[in-house]
Structure formats: structure tokens, C-alpha cells
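Before any comments, here is the structure.
The values are calculated or read from the model by the stated rules, or taken from the named source; none is laboratory data. All figures in this text were calculated on a predicted structure; none of them were measured in a lab. All Cβ positions, even for glycine, are placed from backbone atoms using ideal geometry, and neighbour counts span all protein chains on display.
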């Protein structure tokens, strides 16, 4: 029987599975309020979310020196922990996609640069704790994306060859990591991008506008 989906689909988390920008906005605005500053607009923070805590702090506090912002990272993460999955939903179509992968006999997992302890807390909040085959956080291993190690480790742990997997992500680091791992990749165009980001130049094997588009078997890149 021919499968419609790859044997293993690995996903980035923020900007790919989860629209976490509203949770991040609540976090940075709480920090801004503590400093007597007005709230930041979602559209001004959203493009920075996939770049990580430091990029979001730089966008939220451009007037603060780098050394001071670095000291704010722990505070940011602590506050974000209280906002997990409170404001941002799973992207439209993701639940249908995950269900279709499972119904086809495939497995899926998460490889993210988010700290592992935060990613692990998210899974039960989203109802994914028994469905996600593997979770690799940004600090799970000695290397993080764009290094290929997290993707290779996830595939090896589940006894699937890298070329039989597909990685789906919305940031250039995701595609760079997949290419270095020898893993087909999908650029999630529904995610977060800065104006200067040009996904056509990232070298992904497919560019997909919506999670629902991946319900079509022909949308998935396959090894040649």
C-alpha cells in the first residue's frame, strides 16, 4: 500500500504549527508595562517571532543596549512561561494535517529552537503529548538549527532515514538545517517572516501557502 505522506514529518513549532505571536506579544507588553512603556502592536512583533527571544527583545526594546537586553532574556522566558498557549491558536488546518498523517500510518514530531522545557509544557496544552513522536528543543542537544544535528537525531531516534522524512518550517534556519541533513524540506509560507526575508532563495524543496495544501499527497517533496 502506497502512503500519501512521508514516513516521518518533522515540524518547527512557532510560526509553523502554532501561531504563538499573540503569546509573545503578551510577554513583551508585560515587560514594557513594567518599564512604563505603552503596548507594542502585534504586527510590529509578529515578523520577529521565529527569530527567537533575543530578536523579539530587540524589536520590543530597540533603545536598550545589547548587554542589557541579554540580561532580559531570562525574564522574557519566565514571563512567556505564564502565557503559553493562552492567546495564540494552532494555525488553521494544522489539526487536519496532523490527523491525516496519523490516519495514513505516518508519524510526526517537533524540532524547535525553543527551550525544551517550554516546548514540553506546550504539548499537553495543545493535546499533543501522546501524539507527537519526538520533541527536540533548542537546548536538547549540543547544536541547534541551522545545524543539522537536531533533525538527524530525531530521524535516527525513530529509525527513519533522513531522506524518508520531511521537515516543515517557516524560517531560513529550518531549510538550511534540512538541506544539511539531506532531508527534504517544505517552506511554511503561512509563518513569520521579516520584510527582507526571501523564501524563494532558501533552497526549500517546496513552498506551501497553507497547512491545508499539504493534505494533497502531491504537495510533499519526495526523494528522487
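Here is how the numbers come out for the structure above:
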read-out	value
Boolean, residue 142 is crowded, with 17+ Cβ neighbours inside 10 Å and touching a helix residue (DSSP H, G or I) at 6+ places or on another chain (Cβ under 9 Å)	no
Test: residue 78 is out of contact with any helix residue (DSSP H, G or I) (no Cβ under 6 Å at 6 or more places or on another chain) and outside any loop (DSSP other than H, G, I, E, B)	yes
All strands (runs of 3 or more DSSP E) inside the stretch 152-224 with 1 or more residues being within 24 Å of residue 58 (Cβ to Cβ) and in contact with a strand residue (DSSP E or B) (Cβ under 8 Å, 6 or more places away or on another chain)	165-169, 185-188
Residues satisfying the stated conditions in the stretch 181-203, i.e. over 18 Å from residue 110 (Cα atoms) and in contact (Cβ under 8 Å) with a residue 24 or more places away in the chain	193, 194, 195, 197, 199, 202, 203
Residues being out of contact with any helix residue (DSSP H, G or I) (no Cβ under 8 Å at 6 or more places or on another chain) and closer than 28 Å to residue 77 by Cα - total across the stretch 150-172	2
Failed item, numbered, when residue 99 is tested on (1) over 18 Å from the mean Cα position of the chain (by Cα); (2) part of a helix (DSSP H, G or I); (3) in the same structural domain as residue 156 (by TED's automatic domain parsing); (4) touching a residue at least 12 places away in the same chain (Cβ under 8 Å)	(4)
Evaluation of residue 167 against (1) farther than 21 Å from residue 4 by Cβ; (2) buried (at least 24 other Cβ atoms within 10 Å of the Cβ) (one fails), failing number	(1)
Flag for residue 188 being touching a helix residue (DSSP H, G or I) at 6+ places or on another chain (Cβ under 7 Å) and crowded, with 20+ Cβ neighbours inside 10 Å	no
Which listed residue, of 129, 143, 121, is part of a helix (DSSP H, G or I) and modelled with pLDDT of 95 or more	121
Residue identified as in contact with a helix residue (DSSP H, G or I) (Cβ under 8 Å, 6 or more places away or on another chain) and under 23 Å from residue 112 (Cβ atoms) among 99, 88	88
Any hit, the stretch 55-75, residues being in contact (Cβ under 8 Å) with a residue 60 or more places away in the chain and within 23 Å of residue 90 (Cβ to Cβ)	no
Selected residue (criterion: farthest from residue 101 (Cα to Cα)) from residues of the stretch 14-58 that are in contact with a helix residue (DSSP H, G or I) (Cβ under 6 Å, 6 or more places away or on another chain) and not in a helix (DSSP H, G or I)	39
